[in-house]
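The values are calculated or read from the model by the stated rules, or taken from the named source; none is laboratory data. Everything numeric in this text was worked out from a predicted model, so none of it was measured. When we count neighbours, we look across all protein chains shown, and the Cβ atoms used for this are built from the backbone with ideal geometry, even at glycine. The area values use the complete protein model at the heavy-atom level, side chains included, leaving out ligands, DNA and RNA. Shrake-Rupley method; radii C 1.70, N 1.55, O 1.52, S 1.80 Å.
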Amino acid sequence: MQPLFETRECRKGRVAYSLFAGTIMAAICAMCFYWIISQPVRFKVCRHSTFKERLLTREDKLPGVDIFVCTADPVMEPPIMVTNTVLSAMSFNYPPDKLSVYLSDDGGSQFTFYALLEASNFSKHCLPFCNKFNCAGTNAAEKEGCDQLPTLVYMAREKRPGWPHNFKAGAMNSLIRVSSEIDNGSIILNLDCDMFANNADSIQEALCFFMHEKSGHEIAFVQHPQIFYNTTPNDLYSNNMHVIVQVHSSKFNLFIFVFFILRICFDFCKILMINKVEFAGTGSYDAAMYCGTNCFHRRESLSGRKYLKDYRWNSDIEAKKKAGKTSQELEEASKVLANCSYEKDTQWGTQMRLIYGFAVEDVVTGLTIQCRGWKSVFYNPKRAAFLGMAPTTLDISLIQFKRWSEGLFQIFLSKYCPFIYGHGKIKFGAQTGYCIFLLSATLSLPTLFYVIVPPLYLLHGISLFPKVSSIWFIPFAYVFIARSVHSLIEAMNCGSTVKIWWNLERMWMIRRTTAFLFGFIDAIIKQLGLPRRHLHRLQRW
Ligand SMILES: O=c1ccn([C@@H]2O[C@H](COP(=O)(O)OP(=O)(O)O[C@H]3O[C@H](CO)[C@@H](O)[C@H](O)[C@H]3O)[C@@H](O)[C@H]2O)c(=O)[nH]1
Ligand SMILES: [Mn+2]
């Protein structure tokens, strides 16, 4: 007998729906994960202060300090700015015979070179003057007579087609070699050319960490925050995204609810608080991130040395190599070291020193140092030690964020992922602290979803959120208010105003939906080995 009816499963669109649900689930898990890892740094925030007067009583033991300034393009980084940085570095309140300033010019520009020459002549007049009037009493230069000035070295390393020059990491590694031939100072300060020293005593303050009796020998680097003297105007950025999504089911509310709560919970990461909460928090787990500039390094740890329990600072290693050598001899010796083929088939850039192949070479380098057993400090003194120039337009700022988020995510996807590479080597709080930054690119996806889907529902006349009269309104309202108030209080505690806080909220929304998204895509493309555009470097102005 023939059946009178049949039942058939409607398979149409099921695969598509599974994919869709899968992505939502993945996004929820990712955000949950992100929220969890952003917690440890908030539970342990430390602040340091130093007693530099006590350090001065040990003046005889002060180490040599080599300051590295990097520049790459005379147009985008005008020589006046570069020389300003160099002069500020030369005027530290520190014995001039123990201070050397190196300028690496990747542009090999005559403008920069002659500007530096002029600056060095100028310094002969201005530095003794500064020393005399700024720091009477404590200044070592004054005691030893005003005639001595810090050593000043200009380096333009060799670049050749076909040889990877590895951007700033390559420049830093050349500087490490060249400076070891000249002064071999056991402390290295790394400055970008758009930052200048804002406190003549910063070296002494940093030395308070390195020379601390009990734990100083464990410290590899002391990172200062990047603080900018020019403000960023937060222009509005219109983003035309025409996405048409057919919505079939209004039972989707649960997803939206979870999304709503999670997005709001993790949404803490604001640039102002980064310095005072997240960076300080990772520092509390002995693993402050190296951020490429404003950072004092111990030469030995930067050069790849492993920390061993019995390690003690040996000031004898600072053999003054330049003693007895003429500057011509030093120049000849340095030329070999700054040669483009010097690093061929060596461990430079692969295992140690500045690591190559990452858009954010600094962060990955800091991580490898910490995984070799060293600790690092995040020091945010009341008076900013260094001041810098921030991007002044929205597009340049977004390009910078795109490069950072991509580079950071690239580290997460590489063998240097803190959970794997750092497992058992750095504290769990430090691993999660790193990942707050390394995973920032991934935030773009849930954010995009959040900003696109609810308006589409609205356009279709489907109500996503409960009515004000409904009891279900309470959790929504609670999460929204609690999150906003917490974020505002955190910002105000860090010295921000309501307006700054509001602008930052807006900027983070813009960054997550643009820069982070492109960073995410490019990092994935690179991971898959597909062809991609070149790194955006130096498009600051
Ligand atoms: O081939 C290059 C490219 C850049 N630089 C110098 O590196 C510094 C920073 O480079 P830039 O590309 O302008 O990066 P920013 O986004 O401004 O810098 C931040 O992000 C970088 C990557 O994480 C870090 O290296 C920096 O220290 C940090 O300030 C500048 O002084 C450049 O002159 C070089 O020396 N050689
Ligand atoms: Mn910079």
| For the subset of segment 188-201 comprising residues that are out of contact with any Leu (no Cβ under 7 Å at 6 or more places or on another chain) and closer than 25 Å to R312 by Cβ, which member is farthest from ligand 1 (Cβ to nearest atom)? | L189
| note | Per the filter on segment 473-484, residues surrounded by 12 or more Cβ atoms within 10 Å (Cβ to Cβ) and not hydroxyl-bearing (S, T, Y) are F473, P475, F476, A477, V479, F480, A482, R483
| query | Are any residues in segment 162-183 within 16 Å of ligand 2 (Cβ to nearest atom) and touching a Ser or Thr at 6+ places or on another chain (Cβ under 8 Å), and if so, which ones? | reply | A169, A171, M172
| query | Here are V69, V65, V101: which of them is without any contact (Cβ under 8 Å) to a residue 60 or more places away in the chain, open to solvent by less than 50 Å² (accessible area, probe 1.4 Å) and of a type outside the set (D, E)? | reply | V101
| task | Answer with yes or no whether S49 is over 24 Å from G216 (Cβ atoms), modelled with pLDDT under 95 and more than 16 Å from ligand 2 (Cβ to nearest atom). | result | no
| Looking at segment 121-144, is at least one residue of a type in the set (S, T, Y), modelled with pLDDT of 80 or more and closer than 23 Å to E181 by Cα? | no
| Do we find a residue being within 16 Å of ligand 2 (Cβ to nearest atom), under 26 Å from the mean Cα position of the chain (by Cα) and surrounded by fewer than 23 Cβ atoms within 10 Å (Cβ to Cβ) anywhere in segment 82-90? | yes
| said: Name the residue that is nearest to ligand 1 (Cβ to nearest atom), counting only residues in segment 173-182 that are open to solvent by less than 10 Å² (accessible area, probe 1.4 Å) and within 15 Å of R298 (Cβ to Cβ). | reply: I176
| field | From the options S440, S444, residue that is open to solvent by less than 20 Å² (accessible area, probe 1.4 Å) and either outside the structural domain of E505 (by TED's automatic domain parsing) or over 18 Å from T282 (Cβ atoms) (or both) | value | S444
| request: Output the number of residues of segment 282-303 satisfying the condition of being in a strand (DSSP E or B) and among the basic types (K, R). | output: 1
| request: Out of G185, G216, report the one residue that is in contact (Cβ under 8 Å) with a residue 40 or more places away in the chain and buried (at least 18 other Cβ atoms within 10 Å of the Cβ). | output: G185
| Does segment 499-515 contain at least one residue that is open to solvent by less than 60 Å² (accessible area, probe 1.4 Å), in a loop (DSSP other than H, G, I, E, B), touching a helix residue (DSSP H, G or I) at 6+ places or on another chain (Cβ under 8 Å) and modelled with pLDDT of 80 or more? | yes
| task | Tally the residues that are closer than 30 Å to T50 by Cα, within 16 Å of ligand 2 (Cβ to nearest atom) and crowded, with 21+ Cβ neighbours inside 10 Å, restricting the search to segment 389-437. | result | 0
| remark: Flagged in segment 331-370 as within 16 Å of ligand 1 (Cβ to nearest atom) and in a loop (DSSP other than H, G, I, E, B), in numbering order, are A338, C340, E343, G349, R353, L354, I355, Y356, G357, F358, A359, V360
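Residues checked against (1) more than 21 Å from the chain's Cα centre (by Cα); (2) at pLDDT 80 or above; (3) under 28 Å from F409 (Cα atoms); (4) surrounded by fewer than 16 Cβ atoms within 10 Å (Cβ to Cβ):
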position	(1), (2), (3), (4)
I489	yes, no, no, yes
C494	no, no, yes, no
T497	yes, no, no, yes
L528	yes, yes, yes, yes
| Pair list, Cβ under 6 Å, 6 or more apart: segment 420-449 residue among the charged types (D, E, K, R), other residue surrounded by 21 or more Cβ atoms within 10 Å (Cβ to Cβ) | K427/Y285
| Residue within segment 474-484 that is β-branched (V, I, T) and either outside any helix (DSSP H, G or I) or closer than 30 Å to P225 by Cβ (or both) present | no
| task | For segment 267-325, name all the residues that are at pLDDT 85 or above, open to solvent by less than 30 Å² (accessible area, probe 1.4 Å) and among the aliphatic types (A, V, I, L, M). | result | A287, A288, M289, L302
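Quick grid of which residues meet (1) under 19 Å from P446 (Cβ atoms); (2) without any contact (Cβ under 8 Å) to a residue 24 or more places away in the chain; (3) open to solvent by less than 70 Å² (accessible area, probe 1.4 Å):
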site	(1), (2), (3)
P3	no, yes, no
T7	no, yes, no
K12	no, yes, no
F20	yes, yes, no
A26	yes, yes, yes
C46	no, no, yes
S49	no, no, no
K52	no, no, yes
T57	no, yes, no
| Has segment 375-387 got at least one residue that is surrounded by fewer than 22 Cβ atoms within 10 Å (Cβ to Cβ), within 16 Å of ligand 1 (Cβ to nearest atom) and of a type in the set (A, V, I, L, M, F, W, C)? | yes
